Amino acid sequence: MTLNTTHDAARRSWVESANLPDADFPLQNLPYGAFKVGDNGTVHLGTAIGDQIFDLNAAAQRGLLPESAADACRQPTLNPLMAAGSPVWSALRSRLSELLGADTCPAGDARTNAEACLVPLRDATMLLPAHIGDYTDFYASIHHATNVGSMFRPDNPLLPNYKWIPIGYHGRASSIVISGTSVRRPRGQIKPAEAHEPSFGPTKNLDYELELAAFVGPGNQLGDRIPLAAAPAQLFGVVLLNDWSARDMQAWEYQPLGPFLAKNFASTISPWVVTFEALAPFRAPAFVRPPAETTPLPYLVDANDTAQGGLDLVLEVSLLTAKMRLERQAPHRISRGNFNTMYWTLGQMLAHHASNGCNLSPGDLIGSGTVSGTSRDSRGCLLEYTWRGTDPLRLPNGEERKFLADGDEVILRGYAERPGARRIGLGECRGTILPAA
């Protein structure tokens, strides 16, 4: 993906809050989301700019948007825009950059017209950005897979297929919720190692998973494949994903068919979809495999994906306990990792998903799996961080956690930065644990 004027780090917006050094949503980002104002407000699509939302519905009504994108921007979800394809995405991004740029939209009638489309972020309620028809979660971090495997199979942590095939499972789209939605502790079957039979009750080992997720664009017809070389035109943008997990339920149910009720009770995503075009300055080489390691099969190899299929994205997890909230303490950052450590690229996950002719649709969501690095402070879940509860997380206020407690709020954040490019953020993905029903 080539760079253009929309990525120019020197450009500023006339929305002054977008120009702050640590702003998640500067002019160079322009992510998309769905929002409403008030309890009975109409759902509109918008673009985040600083601490404002540029209302795409209002802009389309005023004739400010490209004709190719205008109708899609009047819809209540991003699915029609995702289906429209990369030429339409680029045309809309270019126009929004022009409308919101201080250099391209100086004071006058044009800016006044654009200003009329602004809504303060604080006044908006964010909603799921798209109708998610299907959700697939992968297991693409070799560090996460090795850590988890070694807990259960110390002599053989990675199964023989791991380095040949992007491992994934079909998740539950209906229980994906937007950031800020509370998550109720699930009940399920649990069988401790010392017990003779399972019991049914609230999970004791509730966990988060730090992930990145990609929305599918146009998709493919049933029976057709998506070549890896075509993946960039099929990937619309990314959000943060917390794939909540009940580890004690998971340990009992996952054999022989994999995750089920331990993971389908809730998955939380951040509200703003950061496009792959916005992330172009932060593309990185794919994971470099040692020379003696297996080479992926030809359908999972493409020169462009090898050169820039990765993403240099910093991902963080913070925790705010009920006690910390009561004492007005700031959230404590548990871990910080980078998406460029992933063994499989998002393009490889997409191409593999469709390699058997499975039809992907606009708005389908592909999760990366837990993002973990090589050090403890880069592990993306408590299962790893506390090593299955044997080495608890110790918080600055004296509290300890093996797994999550009721009242805990987990906060995921992400951002990309490098010299010569404008820092852009993914926003936040939050969820607070409620007691079991």
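Values computed for the structure shown
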quantity: Flag for residue 54 being touching a residue at least 24 places away in the same chain (Cβ under 8 Å), farther than 22 Å from residue 310 by Cα, in contact with a Cys (Cβ under 9 Å, 6 or more places away or on another chain) and not charged (D, E, K, R); calculated: yes
quantity: Residue 140 vs. criteria hydrophobic (A, V, I, L, M, F, W, C) and farther than 15 Å from residue 368 by Cα; calculated: no
quantity: Among (1) of a type in the set (Gly, Ala, Ser); (2) within 27 Å of residue 216 (Cα to Cα); (3) not in a loop (DSSP other than H, G, I, E, B), the one test that residue 130 misses; calculated: (3)
quantity: Where a residue in the range 418-437 is touching a residue at least 40 places away in the same chain (Cβ under 8 Å) and its partner, wherever it lies, is of a type in the set (Lys, Arg) and outside any strand (DSSP E or B), with Cβ under 8 Å and at least six apart; calculated: 433/185; 434/185; 435/185; 436/185
quantity: Residue within the range 56-71 that is buried (at least 16 other Cβ atoms within 10 Å of the Cβ) and within 26 Å of residue 417 (Cα to Cα) present; calculated: no
quantity: Failed item in (1) within 25 Å of the chain's Cα centre (by Cα); (2) of a type in the set (Val, Ile, Thr); (3) surrounded by fewer than 18 Cβ atoms within 10 Å (Cβ to Cβ), with residue 77 passing the rest; calculated: (3)
quantity: Near pairs, Cβ below 6 angstrom, 6+ apart or cross-chain, from the range 317-331 (on the phi < 0 side of the Ramachandran plot and surrounded by 15 or more Cβ atoms within 10 Å (Cβ to Cβ)) to any residue that is of a type outside the set (A, V, I, L, M, F, W, C) and not in a loop (DSSP other than H, G, I, E, B); calculated: 317/335; 318/333; 319/332; 320/409; 331/318
quantity: Test result for residue 370, touching a Pro at 6+ places or on another chain (Cβ under 6 Å) and within 23 Å of residue 207 (Cα to Cα); calculated: no
quantity: Residue within the range 16-36 that is more than 26 Å from residue 235 (Cβ to Cβ), in contact with a Gly (Cβ under 7 Å, 6 or more places away or on another chain), among the small types (Gly, Ala, Ser) and not in a loop (DSSP other than H, G, I, E, B) present; calculated: yes
quantity: Count of the range 131-172 residues which are surrounded by 17 or more Cβ atoms within 10 Å (Cβ to Cβ), among the aliphatic types (A, V, I, L, M) and closer than 18 Å to residue 379 by Cβ; calculated: 4
quantity: Residue within the range 173-196 that is surrounded by fewer than 19 Cβ atoms within 10 Å (Cβ to Cβ) and under 24 Å from residue 295 (Cβ atoms) present; calculated: no
quantity: Index of the failed condition, residue 90 passing every other in (1) touching a strand residue (DSSP E or B) at 6+ places or on another chain (Cβ under 9 Å); (2) touching a residue at least 24 places away in the same chain (Cβ under 8 Å); (3) surrounded by fewer than 20 Cβ atoms within 10 Å (Cβ to Cβ); calculated: (1)
quantity: Residue count, the range 220-259 (criterion: in contact with an Asp or Glu (Cβ under 9 Å, 6 or more places away or on another chain) and not in a helix (DSSP H, G or I)); calculated: 10
quantity: Of the criteria (1) out of contact with any strand residue (DSSP E or B) (no Cβ under 6 Å at 6 or more places or on another chain); (2) part of a loop (DSSP other than H, G, I, E, B), which one residue 72 fails; calculated: (2)
quantity: Residue in the range 311-321 that is at pLDDT below 95 and out of contact with any Leu (no Cβ under 9 Å at 6 or more places or on another chain) present; calculated: no
quantity: Residue 342, sole failed condition from (1) buried (at least 20 other Cβ atoms within 10 Å of the Cβ); (2) farther than 30 Å from residue 296 by Cα; calculated: (2)
quantity: Residues of the range 279-308 classified as within 24 Å of the chain's Cα centre (by Cα) and without any contact (Cβ under 8 Å) to a residue 24 or more places away in the chain, total; calculated: 3
quantity: Residue check for residue 212: under 21 Å from residue 84 (Cα atoms) and at pLDDT 95 or above; calculated: no
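To keep it simple, each residue is scored yes or no on (1) under 26 Å from residue 53 (Cβ atoms); (2) touching an Asp or Glu at 6+ places or on another chain (Cβ under 8 Å).
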{"position": "262", "(1), (2)": "no, yes"}
{"position": "268", "(1), (2)": "yes, no"}
{"position": "296", "(1), (2)": "no, no"}
{"position": "301", "(1), (2)": "no, no"}
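The values are calculated or read from the model by the stated rules, or taken from the named source; none is laboratory data. Quick caveat: nothing in here was measured; it's all calculated off a predicted structure. Please note: Cβ atoms are built from the backbone with ideal geometry, for glycine as well, and neighbour counts cover all protein chains shown.
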